[in-house]
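Here's the structure, in structure tokens; my notes come after.
The values are calculated or read from the model by the stated rules, or taken from the named source; none is laboratory data. Given the structure is predicted, the values throughout are model-derived calculations rather than measurements. Quick reminder, even Gly has a Cβ in these numbers, built from the backbone with ideal geometry, and neighbours come from all protein chains shown. These accessible areas exclude ligands, DNA and RNA; they are computed on the full protein's heavy atoms, side chains included. Shrake-Rupley method; radii C 1.70, N 1.55, O 1.52, S 1.80 Å.
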Amino acid sequence: MAARALAIEALVRIEAGGYSNLVLPGLLRDSGLDGRDRALVTDLVYGSLRHQGQADHLLALASHRPLPGLDPPVRAALRLGVYQLLSGVAPHAAVGATVGALGWASPAAVRRAAPFANAVLRRVAGLGPGWPWPAGDGADAVAVRTSHPRWIVERLRRDLGPDADAVLAAANEPPPVTLRANPLRTTPDALAAELTAGAAGRGEVAPGAGGGSGGGRRAGPIVELERGRLVPGALLVKGAGDLARLPAVAEGRATPQDQASQAVAAAVGARPGECILDLAAAPGGKATAMAEAMADDGLVVAADLRPGRAGRVRQAALRLGLRSVQVVAADGRRLPIRPAAGHRTVAGPTGDGRFDRVLLDAPCSGLGVLRRRPEARWRLEPVAIDRAAALQRELLTAAAGQVRPGGLLAYSVCTLTREETLDIDDWAAAACAGFTALDPPGAPWRPHGRGGLLLPSAAGTDGMFLLLLRVPA
């Protein structure tokens, strides 16, 4: 009961504007729930968000009251109940537990809606299995079946053609937790041994930090541990629980980071002694990965517009023990810092205070990471894509001016739209005349303009576009 009540609270907060990756961990840490119930809450919240479109379709068939007119906790409970029914939970359990949670800790006005919720969920249960999804290949029907807004279906079909269906399906699959080993403190093999030893010894991942500090910190049992397909050194884990409490993460031996992001950081090719700029660095995964690749020898300037987000980069660098990462809260279009003129790199003095390599992992529409940020699909509007593309052009102009002659400029976005990938590439070919495009990574990346596109359905990763440009010497 408590787990479902907490899931309802999380869904209400997220619908009010919160972010699932911030709301849910905070609620779980204060909940007192054990590992199994915490995993249940996580599945209920993310599953309800991913399958919200399907749930709303079935609820419209079962209820005479429009969803927007319901109290937020009632709306959240109905969606949560339908998600459980779609997941195969027995109707009496799904309905009973959800209605019970709605009345468990809710205000009196919400508790009075419990009979209504009970009746609606029972009617939904009577519709399936063999759920009455709309048939055909029309955008409206596909939008319901894949639980996406119609406009996203249309946009991905326009830009990806026959691959769109697989991408839409991938957005409803829970992403694995992927860990990147910090080579300054461990290796992928040693990290894997640490995780599996903790699971084998206690049925959970090494509770408590090393040396006895933080005793009793728990993480859930690891169900699966495997190597990455895109990045062989990456470790995919399931059931690791609260990553902030996982000793390997808390003590700086590992960082949660999807393989696609790890691949982008690796493609930049940072080397010891170089001066690197990450122009939109938060939350810091790529900046710290590049610093680790440099053996913490050199300089990584990690810039982000918002001080709070820049603070997350700083915390990540401190956790990993990286001294080469210097964080700046600033607008990347008007960066108030350059490396000192004459800063020595492996290529010799920069002379004019520019960087050896610049990464612009630009703000974008995020259509490549909808499985990880499921609420985004219900908030995003088509106009946001054009706004993002305009900002990307401004940032790329600024980034190009920060690279030394002979240096490297990398542009990446975790989205799949033409406006933010091919159109940016076409624009850059004219705006950055003389810059030479380098070969993108090989399969499962595929050529996309002069860059490379990684579909979420290709390797079970986030979706990503990457363009590598060499600046004229």
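Looking at this structure, is Leu22 assigned to a helix (DSSP H, G or I), closer than 23 Å to Leu370 by Cβ, of a type in the set (A, V, I, L, M) and open to solvent by 20 Å² or more (accessible area, probe 1.4 Å)? Taking the combined requirement at face value, the residue satisfies it. Looking at the range 435-453, is at least one residue open to solvent by less than 10 Å² (accessible area, probe 1.4 Å) and either over 18 Å from Thr397 (Cα atoms) or in a loop (DSSP other than H, G, I, E, B) (or both)? Within the range 435-453, one or more residues are open to solvent by less than 10 Å² (accessible area, probe 1.4 Å) and either over 18 Å from Thr397 (Cα atoms) or in a loop (DSSP other than H, G, I, E, B) (or both). Run down Arg122, Arg65 and say which single residue is among the charged types (D, E, K, R) and not in a helix (DSSP H, G or I). Selected residue: Arg65, the only one of Arg122, Arg65 that is among the charged types (D, E, K, R) and not in a helix (DSSP H, G or I). Of the numbered criteria (1) modelled with pLDDT of 95 or more; (2) more than 24 Å from Cys432 (Cα to Cα), the one Cys414 fails is (2). All of (1) surrounded by 15 or more Cβ atoms within 10 Å (Cβ to Cβ); (2) under 27 Å from the mean Cα position of the chain (by Cα); (3) modelled with pLDDT under 95 hold for Gly103 with one exception: (2). For the range 29-76, name all the residues that are within 19 Å of the chain's Cα centre (by Cα), crowded, with 17+ Cβ neighbours inside 10 Å and either closer than 17 Å to Val177 by Cβ or without any contact (Cβ under 8 Å) to a residue 12 or more places away in the chain (or both). Across the range 29-76, the qualifying residues are Ala39, Val41, Thr42, Val45, Tyr46, Gly47, Arg50.
Per the listing Ala181, Ala197, Ala192, the residue uniquely buried (at least 21 other Cβ atoms within 10 Å of the Cβ) and closer than 30 Å to Ala295 by Cα is Ala181. Among the residues of the range 147-158, are any at positive phi and surrounded by 17 or more Cβ atoms within 10 Å (Cβ to Cβ)? Among the residues of the range 147-158, at least one is at positive phi and surrounded by 17 or more Cβ atoms within 10 Å (Cβ to Cβ), which makes the answer yes.
Conditions tested, residue by residue: (1) open to solvent by less than 40 Å² (accessible area, probe 1.4 Å); (2) at pLDDT 95 or above; (3) part of a strand (DSSP E or B).
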| site | (1), (2), (3) |
| --- | --- |
| Ile337 | no, no, no |
| Asp356 | yes, yes, yes |
| Leu359 | yes, yes, yes |
| Gly368 | yes, yes, no |
| Ile385 | yes, yes, no |
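Just one residue in the set Ala302, Ala260 is outside any strand (DSSP E or B) and modelled with pLDDT of 95 or more; that residue is Ala260.
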